[in-house]
1. If I ask for residues that are touching a residue at least 60 places away in the same chain (Cβ under 8 Å), open to solvent by 40 Å² or more (accessible area, probe 1.4 Å) and in contact with a strand residue (DSSP E or B) (Cβ under 6 Å, 6 or more places away or on another chain), which ones from the stretch 188-238 would you list?
2. Do we have Glu16 as open to solvent by 90 Å² or more (accessible area, probe 1.4 Å), in a helix (DSSP H, G or I), modelled with pLDDT under 90 and out of contact with any helix residue (DSSP H, G or I) (no Cβ under 8 Å at 6 or more places or on another chain) here?
3. Looking at Gly176, is it small (Gly, Ala, Ser) and open to solvent by 30 Å² or more (accessible area, probe 1.4 Å)?
4. If you go through the stretch 246-266, how many residues are without any contact (Cβ under 8 Å) to a residue 60 or more places away in the chain and either open to solvent by 20 Å² or more (accessible area, probe 1.4 Å) or closer than 24 Å to Glu135 by Cα (or both)?
5. Among the numbered criteria (1) assigned to a loop (DSSP other than H, G, I, E, B); (2) surrounded by fewer than 20 Cβ atoms within 10 Å (Cβ to Cβ), which one does Val99 miss?
6. Given (1) assigned to a loop (DSSP other than H, G, I, E, B); (2) open to solvent by 60 Å² or more (accessible area, probe 1.4 Å); (3) touching a helix residue (DSSP H, G or I) at 6+ places or on another chain (Cβ under 6 Å), where does Pro114 come up short, assuming only one miss?
7. In the stretch 133-154, which residues are under 22 Å from Gly109 (Cβ atoms) and either in contact with a Gly (Cβ under 7 Å, 6 or more places away or on another chain) or open to solvent by 20 Å² or more (accessible area, probe 1.4 Å) (or both)?
Amino acid sequence: MSENSFQSEVTAKAAESGANASARFRERQAQGGSTAAVDQERVALLAGKAIKALNDLVIEEQLSYEEYNAFKAWLIKVGEDGEWPLFLDVWLEHSVEEVANADREGSKGTIEGPYYLGGSPELEWNGTIPMREDEPGTPLVFKGQVTAVDGTPLPGAKLELWHADNLGFYSQFAPGLPEWNLRGTFTANDNGEYEIHTIRPAPYQIPTDGACGQLIAAAGWHAWRPAHLHFKVHAPEHQLITSQLYFPGDPHNDDDIASAVKPELLLDPQPNPDGEGEVTVYDFVLDPA
């Protein structure tokens, strides 16, 4: 990786990343990302409970005007920095995902996060994800099988993979990275199998120079996410699964700021007997639609 590429990548700003995340979310909503309208009674119920909870907090904690105005100023900054996708995906999405997948019998899901992009390059079941010629990081072979809950292989299943690079940055959300770096869509073979060649991602801090970082600093929290691979796996007549897979031994598996780690999502990487780096096996089991 060139020095210029490195410097531009590590100078990524929260506002730039937030603006990209907000723009991408709006694009997806415009393309039908919202699957159903929420009826008026449901809006009244949910909004009413949220407002009541905040008012109860004010009374219980005897909120001062100084604290109230600081909160108001912070909310304005979240919007100005474009960090609502980051804030909601880090601190709220894990509960929404838990409710949405409570009845799933197959593989465990977890949050999507703010850095998903559809339309990544299509690749064969045993392909290499797009990356720079000199992409830094430990080579990783990720392989397994997509099946239904009854064990039937799902040929042609699609696996969308995206993840951070060796510095903890995502393409299209940090400067200096090729457009589809470490993003690809793989098609399982006739037996539902896949063998994906990539690199091991790094742990990273969510952006800390914007509104979310301001909250983290004020509360004395940390901003770290453990290293992880993002997946969306889908097959006809089966439910889409959105997941993140984690690496054992990461110091932030137990205190992930996004509360997204589950024991079922831990990988077991081993030295690759057929080449450099590591190999890990993980199967995806999809519920019927």
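1. Scanning the stretch 188-238 gives Glu193, Glu195, His197, Arg200, His234, His238.
2. Working: open to solvent by 90 Å² or more (accessible area, probe 1.4 Å): yes; in a helix (DSSP H, G or I): yes; modelled with pLDDT under 90: yes; out of contact with any helix residue (DSSP H, G or I) (no Cβ under 8 Å at 6 or more places or on another chain): yes.
Considered against the rule, which asks whether it is open to solvent by 90 Å² or more (accessible area, probe 1.4 Å), in a helix (DSSP H, G or I), modelled with pLDDT under 90 and out of contact with any helix residue (DSSP H, G or I) (no Cβ under 8 Å at 6 or more places or on another chain), Glu16 comes out as yes.
3. Working: small (Gly, Ala, Ser): yes; open to solvent by 30 Å² or more (accessible area, probe 1.4 Å): yes.
Taking the combined requirement at face value, the residue satisfies it.
4. Taking the stretch 246-266 first, the residues without any contact (Cβ under 8 Å) to a residue 60 or more places away in the chain are 246-256, 263, 266.
Filter once more, keeping what is either open to solvent by 20 Å² or more (accessible area, probe 1.4 Å) or closer than 24 Å to Glu135 by Cα (or both): 246-255, 263, 266.
Residues meeting the conditions: 12.
5. (1)
6. The failed condition is (2).
7. To start, the set of residues in the stretch 133-154 that are under 22 Å from Gly109 (Cβ atoms) comprises 140, 142-154.
Leu140, Lys143, Gln145, Val146, Thr147, Val149, Asp150, Gly151, Thr152, Pro153, Leu154 - these are the residues of the stretch 133-154 that are under 22 Å from Gly109 (Cβ atoms) and either in contact with a Gly (Cβ under 7 Å, 6 or more places away or on another chain) or open to solvent by 20 Å² or more (accessible area, probe 1.4 Å) (or both).
Residues are listed down the side, and each one gets a yes or a no for (1) in a strand (DSSP E or B); (2) polar (S, T, N, Q):
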| residue | (1), (2) |
| --- | --- |
| Arg132 | no, no |
| Gly137 | no, no |
| Val141 | yes, no |
| Gln145 | yes, yes |
| Asp150 | no, no |
| Gly156 | no, no |
| Leu159 | yes, no |
| Gly168 | no, no |
| Gly176 | no, no |
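The values are calculated or read from the model by the stated rules, or taken from the named source; none is laboratory data. Predicted model only: the values in this text are computed from it and were never measured. Positions of Cβ are backbone-derived with ideal geometry, glycine not excepted, and every protein chain shown enters the neighbour counts. These area figures cover heavy atoms from the full protein model, side chains too; ligands, DNA and RNA do not enter into them. Shrake-Rupley method; radii C 1.70, N 1.55, O 1.52, S 1.80 Å.
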